[in-house]
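The values are calculated or read from the model by the stated rules, or taken from the named source; none is laboratory data. Quick caveat: nothing in here was measured; it's all calculated off a predicted structure. Backbone-built Cβ (ideal geometry, glycine too); neighbour counts: all protein chains shown. Just the protein is used for accessible areas: all its heavy atoms, side chains included, with ligands, DNA and RNA removed. Shrake-Rupley method; radii C 1.70, N 1.55, O 1.52, S 1.80 Å.
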Amino acid sequence: MKKPFGLFSLVSLSLLLLAVFFGCQANVPVSSPSLPPEVSIQSGDTYHEVDCLLPGQVRKLGTMVYAGPRRPLRTTAGDCEIRGGEYVAYDRANYGEALTVWMVAAEAGDPIVEVYVGKIHVKSPADKPRYNLATTWFEKAAASGNKRAQVNLGYLYENGLGVAADTNQAVRLYSKASGANVQEIVQQQQQLTAQEKAEITELKAQNGAQITELQRLKKEMGAAETSLASGRKKLDKRNGAIVVQQQEIVGKQEEVKKVAQQLAARKVAVAFDLERKHGDLERSLKVKEQQLSEQKRLAAELSGQLKKQQNDEKQYKATLAALNGKMANLPGSKITVFDPQLLRTRIVVASMDKGRSQRAISGQVWSHAGLQYLKINDRDTEFKGGGKFRAAFLINADEMKVQIVATDFNGKKDEMFFTAAAA
């Protein structure tokens, strides 16, 4: 079944054209970590490309000798040192220094340098990019026919960065830079057949019904857990009462034993008094025995209640296990790849442009039980709400094997394999 396309297709197409805009670019200064002053530059650093500001030429006009303007040049650190040039040795991430190097040539109208200056404004400062200034320099370079400037300017119009969002203007700039009719491609991708629309509607309805059932099961499980917690609380309270009553019984038994010992000790000395009090003691003992019997009856009753609570707890556990079983029977995850488009041959393949250093993969994972983790080529991949994901991979050969594995909270997996081959 064909996959629906919309604004996402335009974004995907623009990302293909913007590989230079976001990737590691050979024509833009690459930042590296700052080194402390006490650390010396290694010999291998002399081959790193830097933004070099060469000394001005010494010129002579008649008898007057004067120095010409300093000249920016993209070259290696070693070459810059040999030619007496100036470059930033440690703070390679300082775009302010790079802007100083390229500003003179940009103001002189060099379209390539104008693109450099525009990109510096996009990247600096990192917390508040200056998109309005970047737009100005990209427009100057684009007016000179620079394709990279046209692509960068199209991206700003597409996302409303520094200018009002204008999708039509972005498409015109992408078309002009690539030489292709991007508007026609987007319109073709946005067309859906009636069957595809019906299938999408059916899938949404099924997904909604399953979500409703899942919410109902979660609600029932929550009620069962609440009831179980309440039962446990009552059981703990009754157990505490039983312990207190048992302690009272033991205490009273100790009292009876003490009284009996006192009677035995005084039997000889107070025989007459014992006879007189014998009736009273027997009555008192009988009352205490009745109390003891009552306490035993209460203990037996509480013991029966304890067994009933234990049986109730077993029933709660059985109900909870049944609910967990229903959740385990929910359908597993389903992986859908939006970009690249997959071609169904003897094996599933996806085309990629030759000469590209990296490839973006985007799609969505449908999961009824909740997505636990997602891996692409054994690498953990972040995903957003709804299971949407996007990841980029380096391309080291004419083709790349891709494996996508999604696992939900029930432990169920869905796997997809395809080959990204150079077109």
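Scanning the stretch 224-238 for residues that are of a type outside the set (Lys, Arg), open to solvent by 50 Å² or more (accessible area, probe 1.4 Å) and under 12 Å from residue 306 (Cβ atoms) gives a single hit, 236.
Out of curiosity, is residue 250 modelled with pLDDT of 90 or more and out of contact with any helix residue (DSSP H, G or I) (no Cβ under 8 Å at 6 or more places or on another chain)? Taking the combined requirement at face value, the residue satisfies it. Within the stretch 134-162, if we keep just the residues that are surrounded by fewer than 16 Cβ atoms within 10 Å (Cβ to Cβ) and among the hydrophobic types (A, V, I, L, M, F, W, C), the residue that is farthest from residue 180 (Cα to Cα) turns out to be 161.
Residue check: is residue 88 of a type outside the set (Lys, Arg), surrounded by 10 or more Cβ atoms within 10 Å (Cβ to Cβ), in a loop (DSSP other than H, G, I, E, B) and at pLDDT below 85? It would help to see each step written out before you state the result.
Working: of a type outside the set (Lys, Arg): yes; surrounded by 10 or more Cβ atoms within 10 Å (Cβ to Cβ): yes; in a loop (DSSP other than H, G, I, E, B): yes; at pLDDT below 85: yes.
Yes: the conditions hold for residue 88.
Cβ separations smaller than 8 Å between residues 6+ apart or across chains give the following pairs from the stretch 316-335 residues that are aromatic (Phe, Trp, Tyr) to residues that are surrounded by 13 or more Cβ atoms within 10 Å (Cβ to Cβ): 316/224; 316/227; 316/228; 316/231. Taking only the stretch 171-203 into account, find how many residues are at pLDDT 80 or above and open to solvent by 80 Å² or more (accessible area, probe 1.4 Å). Residues in the stretch 171-203 being at pLDDT 80 or above and open to solvent by 80 Å² or more (accessible area, probe 1.4 Å): 5 in total.
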